[in-house]
Every structure is written in structure tokens, then in C-alpha cells.
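The values are calculated or read from the model by the stated rules, or taken from the named source; none is laboratory data. Here the structure is a predicted model, which is why all the values come from computation and not from measurement. Neighbour counts are summed over all protein chains in view; Cβ atoms, including those assigned to glycine, are modelled from backbone coordinates with ideal geometry. Ligands, DNA and RNA are stripped out before the accessible areas are found, and what is left, the full protein with its side chains, is counted by its heavy atoms. Shrake-Rupley method; radii C 1.70, N 1.55, O 1.52, S 1.80 Å.
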Amino acid sequence: MIDILDSFKSSEAADSSRSEGNKLYCERSFFDALVKYNESLCYAPDGSEAIGLAYANRSAVYFEMKMYEKCLKNIELAKLNGYPEKNFHILDKRSQKCHEQEAEQQQVTENPFEFVKLSYKANPRLPFVVNCLELRQSDIFGRYIVTTQDLNVGDILAIEEPHFKIIKSDSRYDSCPEMNKFQRCSVCLKDNLMDLIPCPYCISTMFCSEKCREYAMKSYHNYECAIIEIILKTGIMQMAMRVFFQALNMFNGSVEDLQDFLSQCSNLTFSVYNFDFSTSKEEVVAKNFLLSAYCLARNDKMLINESPEKLFRLHPQLLEMWLVHSDFIKKFFSTILKLGDSNFHGICGWSIQKYMNQEPQMIGVGCYPFISLINHSCAPNVHRMYAEGKMFIMVERPIKKGEQLFDCYRTTFFTQPKAERQLILHEDYSFQCKCEACTKNYPLFHSLKSMDKKTLKWAKKCKNDVAKLDSNEAKKKFQEYCSAIQLYHEQNGFPFAEIVLLQECLQHCLSIVIKPKVLFA
């Protein structure tokens, strides 16, 4: 490993973070205490006593929260990582107490994908997309997705996991707290209830398991580790660097082989539909994701002035690549950076800290080659949601056979006036929106017509009550709201205030189902 990493680790910084964690533990602020213990783990030099002490402190938090399996795991980690043998009796006593407790006291987190499943047969080549969706192309819409059968409200059409994804922890943005990097796995973005292990070399990367750590070291972290602190503050360049590192490792570090492989993407009419993702060979799937992502960059007229040269010159191994292959590397980064906001989607999730009425937080960014093919509308008929790093698409208005799927990128007709929407979409995505809401000039919510007073009153009550539902109630209400929207839309058309209110209820029900069930007080 490169020598410049040595300056990153510090026993003093590890001790300081652990002391802060101890204060928070005494205050029973367990979530914040675990963040500090994880920070301490990242700062602690590999093989130092500070690692064992942080694991031991973390085991105390899990014991207090009655998470005995995690407590026992961290006790073992502490003993294996430098915790003073003279104090083993403290851990042994805690371990004994764990074994004495009843296992049923521990809560179990429900798998959200037991409820969120594809509603129809999967595409044989794209097993994460239903088979009734097809790719079309026109001068007006470019590439777009249509359905070959009628779709109902609540149908799940795709559950796509990004092969290329990053944690966002750039404190310059309010939506990306710096502590994200101490709360989630760098590979799968799961929080694992804060039970994470650190990179042995850098101070800003954690993993939920040895499996994820090994994958990272083989797939990208072997390159980014030495300069991760700088990469984390480079905005969209962070994602481009990750894609390049993963792509490079697909070809065992050979830039020449990567360049030859990507030469088949000279025809940018390709899309995710041109590749087979049904194979069990992980290396083939990974390369197909790379090709699918590379083919998303279609605007050749777009000029990208950003260059990774400064980053490459910070790393001896990358500098050597740059000096030999700078032309190809510039082209690669230009292509990936063209994807930008249009094809890189924010990954949202809920904090495992218990806050009332909490909203999803930005935890990362991912590349979704299929979902990126869905065009925008200010009056969408599908809705994107996130669960455990996967993005899924839900139908929120009936879609007839032959109709196009429309997602909402940022602006909805009932929250923002047309002029404001048009300006935002033009500045951020470089197109003039001609969706049904814009062409028909749909009114804002407070000016929407209602079907009748009784139905509007019921819809408003649903909106007020939905936040109080538990998971089982939310699943039942989800079906009720789906049926109501389907019926009202078919009988009365769109837009009506009742349908908009029930669409929000529908989204809220799913949010309840996919939120983490074990929360910190």
C-alpha cells in the first residue's frame, strides 16, 4: 500500500473520537455513540489497541439495545483486534449476560422485497424488469419505454440494483452529511445497524462484512484508497472515478484491454436491452452493466471541461497510466460525466436514528441503465422509490397498452407553476418539457378540481392518517388506495385533487413498509 496512507491513521484521533462516543453512550445517545465509535475504528492504525477498544465500546451499545448477537460479534472482534487481555474479564462478563437473555427480545428487520416484487413475468434477458415493457425510439422522445399491456396502479415494473454506486458524504451539501461514510457500507450502502468494519488503510471507508471489503479491494478501492479524502469532495467526478476504477479492474488493470472492449460502443443506439443479464457469471454481468452505462451518454455536442488529471497525478500508479493513456482516459471520463444528473440517480434512504416524521436522506448516487430510459413528465404515471440500495418503479396512474412510461425527474405540476418547472428542467436537463401537464397547463394543487366533497374529505383524512400506520396496516391501505386511484382515474380522468392526495398516500404506505424497523431511540 502507498506510503501516503500512513499519515491518515492516528491513534490520537481514534482515542479522541472514542472518548466522544463514550460521553454520548453515557447520555444514552446510542446512535451518535456508534457513529463516533465507527469514526474511531477508521482512524485507528491497523493492528493497534484502539481498534479493539472501539469494538468493545460498540459491543456495550448493542448490549444496552438488546441486540445480543451483534454484541457477541463485537466482543469477538475486540478480542481479535488488540483489546487488552488483562480486561478480557469485562468482555466475558458481558458475553455471559448476552447468553442469559432470551433471543426473542431482539427485533428482526423485515425484508422489504417480500412485499415489493415484480408484478409480472420478468424479461428473460433483464430479470430485474417485467417482460411487458419495450424500448422504442423517436425524434421527439429519443429512447423511451412503453408497455405492451394495460398496467394497474401499484404494479411494480422494475427492481434495479446499480452496479456502479457511491456513498455521498460531501459536507458542502446539506443533503449529504459527512457522517454517511461512518454509517454505511461502501459497497452495498447498507447500514447493517452500524455494525461495520473499517478499511485497514484509509480513514473514510467502512464495510458491512469481510465479503464486501474483499470485493471493494478487488473492484475499486485498491485505486481510490490512497486519495479517497480528495475524491469524496469532487462532486460528480467521484462517481466517474468509481466507474473507471471498477471498469479497469474488470480487465485486471489493463487500460489497453478496457479500451478495446469499449470500442464496441461506437454505436450509441445500444441500450441495456442489447445485453444479457440473465447469466450467473458475475464478470459478464459486470461488463454488460459497463456497456449499458457507457451507451447512456448520447449527447456528443455536450462539452465536458472537467478533467481527472489532478487526481491521477496524486497517485503514482494512476500517474503512470495517465502519462501513457491520457487521451483514452479523457474520453472515458468525458463520456461518463455526460451522464450527469440525467442518468445518475440519487439513492435515498432513512436514517436508522429515530426521528419523528423523518424524510428520506440522500445517501449516495447510482447508475441505473434501465430506469434511466424512462422520460420525464410533470404529471408522471410511475414513481421511483428506494429500498436497501435498489430502485424500484411503481405505477401510480393506470397505463394503457401502447402508452409510454413517464417518471418525474424533479418538478411536479401540483407543487410548482409551469414557468418555474420549465426553467428548472431547461437549466438542469437541457430540454423544454412538453408533457401533458405543461401542454394542458394543469393547475397547482390548491386550484385542482375535486370529484365531490365526500370523496375529497375522505382523501384528506387518508393523507392525515397515513403517517400513523404501522407496517401491516400500511400494506392493507396500500391495496385500498391502489383500487381507489384506479377507479377514480378510469371514471373521472385526471387531474383531480383526490387522486393526487391518494398518490401521496400510496407513496407514504410504501415508505412505511421499506423503512428500517429497528430504530435507535
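Cα-Cα over 24 Å: which of LYS79/LYS211; LYS434/LYS475; LYS190/LYS211; LYS66/LYS86; LYS453/LYS475? Over 24 Å apart, Cα to Cα: LYS434/LYS475; LYS66/LYS86; LYS453/LYS475. Note on LYS287: aspartates and glutamates with a C-alpha under 14 Å away, same-chain residues under 8 apart excluded, are ASP257, ASP260, ASP276. Take the Cα of SER11, step 7 Å toward its Cβ, do the same at GLU427, and the gap between the two points is 5.2 nm.
Axis of helix 210-219 versus longest Cα principal axis of the chain: the two differ by about 70°, to the nearest ten degrees. Measuring between their Cα centroids, segment 28-58 and segment 385-410 lie 41 Å from each other.
Alpha-carbon geometry of segment 459-508: the Rg and the Dmax are 10.6, 31 Å, given in that order.
P(r) tail, segment 318-471: Cα-Cα pairs separated by more than 19 Å, 69% of all pairs. If you take the beta carbon distance between ARG28 and GLU309 as r and set R0 to 45 Å, what does 1/(1 + (r/R0)^6) give as a FRET efficiency, to the nearest 0.05? With R0 = 45 Å, the Cβ-Cβ based efficiency is 0.35.
Normalised per residue, the accessible area of the chain is 46 Å², obtained with a 1.4 Å probe and no contribution from ligands, DNA or RNA. Helical runs assigned H by DSSP (4 residues or longer) give the chain a calculated mean residue ellipticity at 222 nm of -13500 deg cm²/dmol, each run adding -39500 (n - 2.57) before division by the residue total. Explain nothing, just the number: relative contact order of the chain, from Cα pairs under 8 Å at least 6 residues apart, as a whole percent. For the chain, the relative contact order is 15 percent. Computed over Cα pairs, the Kirkwood radius of segment 1-83 leads via Stokes-Einstein (1.306 mPa s, 10 °C) to a diffusion coefficient of 126 µm² per second. In straight-distance terms, cross-link reach from LYS477 covers every one of the lysines whose alpha-carbon lies under 20 Å from its own, apart from those fewer than eight places away in the same chain; here that gives LYS117, LYS454, LYS457, LYS460, LYS461, LYS463, LYS468, LYS515, LYS517. Each of ASN111 and MET451 was given a label point 7 Å from its Cα along the Cα-to-Cβ line. The distance between the two points is 3.7 nm.
For the chain, the longest principal axis of the C-alpha atoms and the axis of helix 418-429 are separated by about 50°. In units of the rule-of-thumb radius 2.2 N^0.38 Å, segment 415-499 shows an alpha carbon radius of gyration of 1.35. The angle separating the long axis of helix 88-100 from the principal Cα axis of greatest extent in the chain is about 40 degrees. Using a simple spin-label model with pseudo-atoms 7 Å out from Cα toward Cβ, SER278 and HIS89 lie 6.5 nm apart.
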